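The values are calculated or read from the model by the stated rules, or taken from the named source; none is laboratory data. Note that the structure is predicted; figures quoted are calculated from it, not measured. For neighbour counting, all protein chains shown are included, and Cβ atoms are generated from backbone atoms with ideal geometry for every residue, glycine included. Note: accessible area is taken over every heavy atom of the protein model, side chains too, but ligands, DNA and RNA are not part of it. Shrake-Rupley method; radii C 1.70, N 1.55, O 1.52, S 1.80 Å.
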Amino acid sequence: MDEGRRLVTAGGRTIRAGGRTVEIHRPSKVLFPGDGFTKGDLADYYRGVARRMVPQVRGRPLMLERHPGGIDDHGFIQKDVPRYFPRWVHRVELPKQEGGTVTYAVCDDKATLVYLADQACITPHRFLSTAGHPDRPDRLIVDLDPAGHDFGPVRTAALLLRDLLDDLGLPSTVMTTGSRGLHVVVPLDARAGFDETRAFARDLATLLAARHPDTLTTETRKQARRGRLYLDVQRNAYAQTAVAPYAVRALPGAPVAAPLTWEDVEDPDLTPRRWTIDSVDELLKGNPWRHAPRGRSLAPAREHLDAMLREE
């Protein structure tokens, strides 16, 4: 049987994914009312992008953004894995910061990705660390959050940040969030802890904002930003998450968080919602992160950054 073949059952239909058969309950349930996209469409999308997406989430605890009633309801965020999830869905139990533990889902294969779609998990959000080393991030993320809907300042800020990271010896990748901004992602070697990584990210953003005070800011209070783009580094902490690459967003049009090349960012026609659930074929034509840089140590970059901060 072909891996993507669909079978109709009394409860809906099934999808063959990675050696397992996953039942899609109520596949005709509309999750995006303004666009008509259904739960079946969501499952088909995630099956289609699995070969690219699973490597980006494999081994990482997930926070699940679920909308059983569709995106017009408030939905809910789920951390603890429900007891009814099948046993073949991998799990990891990790401590909370304030005591106790959480048992997170881990998506290690295509079948799990499709199963999460059946659970109306529209958007998986991933840890910046792996389940094996949860307190040592191998990703640093700067979220470029614009004050309005003009995407030009986001593209400009991303390129400025890339150049600064290059000067520090830290290659980076970039992706749309599927919402309004971009995520600049720095692969790390997972030797530094979250405190060190977050302090570095904070100082990095502070330096960039100091160099461009009229357009960039690190102010957390919206009223203090005065129309400037916010360099958000708050995700760089234990148990914080960021939208997974290739994840669908619970927004009209079903936009997708899409990996990019830096050449894409230079394109003035780029928009944060350029790719959607309906343009998966276009999304998969290339592989922007095929030659993604390997994780680097923060130690040399920390020394360079400290020197730059002293010079400012």
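With a 1.4 Å probe and all protein chains left in place, how much of the accessible area of the chain comes from carbon and sulfur atoms, in whole percent? If you can, show how the numbers build up before the last one.
Numbers: 6500 of 14430 Å².
For the chain, the apolar C and S fraction of the accessible surface comes to 45 percent.
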Taking Lys and Arg as +1 and Asp and Glu as -1, residues besides H25 with C-beta under 12 Å from its C-beta add up to +2
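May I ask for the net charge around I77, where only other residues with Cβ less than 10 Å from the Cβ of I77 are counted and Lys, Arg are +1 while Asp, Glu are -1?
Numbers: positive: R66, K79; negative: E65.
Charge balance in the 10 Å sphere: +1.
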Using a 1.4 Å probe, what is the accessible area per residue for the chain, in Å²? 46 Å²
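Percentage of Cα-Cα pair distances in the stretch 263-306 greater than 15 Å, rounded to whole percent? Present the calculation step by step, with values, prior to reporting the outcome.
Values: 627 of 946 pairs.
Roughly 66 percent, rounded to a whole number.
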What number does the chain give for Rg over Rh if you use C-alpha atoms and the Kirkwood radius? 0.98
Residue span T21 to H212: 0.36 nm per residue of separation minus Cα-Cα distance leaves a gain in nm of 63.5 nm
Could you run the Karplus curve 6.51 cos²θ - 1.76 cosθ + 1.60 with θ = phi - 60° over the stretch 121-126 and give me ³J(HN,Hα) per residue in whole Hz, x for Gly and Pro? 7, 6, 10, x, 10, 9
Sorted by chain and then number, the residues having a modelled amide H within less than 5 Å of the amide H of A247, at least 5 places away or on another chain, are A257
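Which three semi-axes in whole Å describe the equivalent ellipsoid of the stretch 71-110, each the square root of 5 times a Cα gyration tensor eigenvalue, listed largest first? The partial results should precede the final answer.
Numbers: eigenvalues 75, 64, 16 Å².
Each semi-axis is the square root of five times an eigenvalue, giving 19, 18, 9 Å.
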How many Å³ per residue does the convex hull of the Cα positions in the stretch 147-203 occupy? 102 Å³
Excluding P300 itself, what net charge comes from residues whose Cβ is under 15 Å from its Cβ, given Lys and Arg +1 and Asp and Glu -1? -3
Candidate lysines for bridging to K96, where Cα separation is under 21 Å - those fewer than 8 sequence places away on the same chain excluded: K79
Among all the aspartates and glutamates, which ones have a C-alpha under 14 Å from K222's C-alpha, if same-chain residues fewer than 8 places away are not counted? D145, D232
Distance in nm between S279 and R13 label points, each 7 Å along Cα→Cβ, equals 2.5 nm
Apply the Karplus parameterisation 6.51 cos²θ - 1.76 cosθ + 1.60, with θ equal to phi minus 60°, to every residue of the stretch 292-306 and state each ³J(HN,Hα) to the nearest whole Hz, in sequence, with x for glycine and proline. 4, x, 6, x, 10, 6, 7, 4, x, 5, 4, 5, 5, 5, 4
I'd like the Karplus ³J(HN,Hα) series for the stretch 39-51: coefficients 6.51, -1.76, 1.60, θ = phi - 60°, whole numbers in Hz, and an x wherever there's a Gly or Pro. 4, x, 4, 4, 5, 5, 4, 5, 4, x, 9, 4, 5
So if the hydrodynamic radius of the stretch 133-311 is defined as the Kirkwood radius over C-alpha pairs, what does Stokes-Einstein give as its diffusion coefficient at 20 °C and 1.002 mPa s, in µm² per second? 129 µm²/s
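Could you state the orientation-averaged shadow area of the convex hull built on the Cα atoms of the stretch 81-177, in nm² to one decimal?
Numbers: hull surface 36.8 nm².
Mean projected area for the stretch 81-177: 9.2 nm², to one decimal.
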